[in-house]
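*Asks:* Submitted below is the structure of interest, expressed as structure tokens.
The values are calculated or read from the model by the stated rules, or taken from the named source; none is laboratory data. Since the model is a prediction, treat every value here as computed from it, not as a measurement. Note: ideal-geometry Cβ built from the backbone for every residue, glycine included; neighbour counts use all protein chains shown.
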Amino acid sequence: MKERIIEASMELFNKLGTHKVTTNHIIDRLGISPGTFYYHFKNKEEILRKVFERITLEFDALFTGDLASFSIIDYGETIRKIYQLYYKYRSFYYDISMLLDRDPELERRYRANYMFKSEKLTNLTLTLEEKGVLKKFTSDLERKAYIENLWIISDYRLSFLRATGERDPENIIESGVRSYLMYMKPYLSPKAAQELDSYLLR
């Protein structure tokens, strides 16, 4: 039943927006008693924490293996899968700032995930610099800014697109892929940048 509640909640969140969905909407959607719902979840915030747990696990599954050995095509396809996941969980990312502001526990978990992922991305970036895929950054500060901007382009892009009125799934995913990869391009070695151009023209 817990999984059914999460699935029904996700459908409603994506359809109506997280801020408009109440526990009564979820109870009515499933046709269950309030007692059954509250046996599994105390409130909507607990459901959203479970949604974030799912998001984290599904994103982590995309980053297995030796990422430093990936080709530009491999990176491109991985980034596409990432943006497909963003769209799958779009209601969370449409409202991300509001959700974190309203739930200190969710904010704590999000920040912990950010710190963990940032460290991994920093290590990957250093390895790619050593391999000559990325140009060497002039300072740790420049590298840190590069990584922070990749995070912003990823986690906050859907919030931006919602404000612009973009709703087409294909445009949301493909524009996300292009924005991410085009941001990377000036930092790539000439050879890697050429491979990226070929990938984007496919």
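*Asks:* Give all pairs with beta carbons closer than 6 Å in which a residue from the stretch 56-85 that is at pLDDT below 90 meets a residue that is among the acidic types (D, E); count only pairs at least 6 apart in sequence or on separate chains.
*Replies:* I72/E195
*Asks:* Related question: Go through the stretch 1-104 and tell me which helices (runs of 4 or more DSSP H), entirely inside it, have 1 or more residues that are in contact with an Asp or Glu (Cβ under 7 Å, 6 or more places away or on another chain) and closer than 26 Å to I153 by Cβ.
*Replies:* 44-62, 72-88, 90-94, 96-102
*Asks:* What do you reckon, is S198 over 23 Å from the mean Cα position of the chain (by Cα) and over 22 Å from L124 (Cα atoms)?
*Replies:* When the stated conditions are applied, S198 passes them.
*Asks:* Looking only at the stretch 41-81, which residues are aromatic (F, W, Y) and closer than 22 Å to R111 by Cβ?
*Replies:* F52, F59, F63
*Asks:* Just checking, which of K20, K2, K44, K88 is more than 17 Å from the chain's Cα centre (by Cα) and surrounded by 13 or more Cβ atoms within 10 Å (Cβ to Cβ)?
*Replies:* The conditions single out K44.
*Asks:* Among the residues of the stretch 113-136, what is the count of those that are in a loop (DSSP other than H, G, I, E, B) and surrounded by 15 or more Cβ atoms within 10 Å (Cβ to Cβ)?
*Replies:* Total satisfying the criteria: 2.
*Asks:* Something else: Which of the following residues is small (G, A, S) and farther than 24 Å from I96 by Cβ: S175, S159, S189, S118?
*Replies:* S189
For every residue, the table says whether it meets (1) assigned by TED's automatic domain parsing to the domain that holds I172; (2) at positive phi; (3) surrounded by fewer than 16 Cβ atoms within 10 Å (Cβ to Cβ).
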residue	(1), (2), (3)
G31	no, yes, yes
G35	no, no, yes
F59	yes, no, no
F63	yes, no, yes
S69	yes, no, yes
D95	yes, no, no
R102	yes, no, yes
L106	yes, no, no
R111	yes, no, yes
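*Asks:* Under 9 Å between Cβ atoms, which residue pairs at least 6 apart in sequence (or on different chains) link something in the stretch 142-154 that is assigned by TED's automatic domain parsing to the domain that holds Y83 and within 15 Å of R111 (Cβ to Cβ) with a partner that is aliphatic (A, V, I, L, M) and surrounded by 17 or more Cβ atoms within 10 Å (Cβ to Cβ)?
*Replies:* W151/L121
*Asks:* Determine the pairs where a residue that is in the same structural domain as I79 (by TED's automatic domain parsing), located within the stretch 182-200, has a partner that is of a type in the set (S, T, N, Q) with Cβ atoms under 8 Å apart, the partner being 6 or more residues away or on another chain.
*Replies:* Y183/N149; E195/S71
*Asks:* Residue by residue through the stretch 137-162, note down the ones that are part of a loop (DSSP other than H, G, I, E, B) and either touching a Phe, Trp or Tyr at 6+ places or on another chain (Cβ under 9 Å) or surrounded by 17 or more Cβ atoms within 10 Å (Cβ to Cβ) (or both).
*Replies:* Answer for the stretch 137-162, where residues must be part of a loop (DSSP other than H, G, I, E, B) and either touching a Phe, Trp or Tyr at 6+ places or on another chain (Cβ under 9 Å) or surrounded by 17 or more Cβ atoms within 10 Å (Cβ to Cβ) (or both): F137, Y156.
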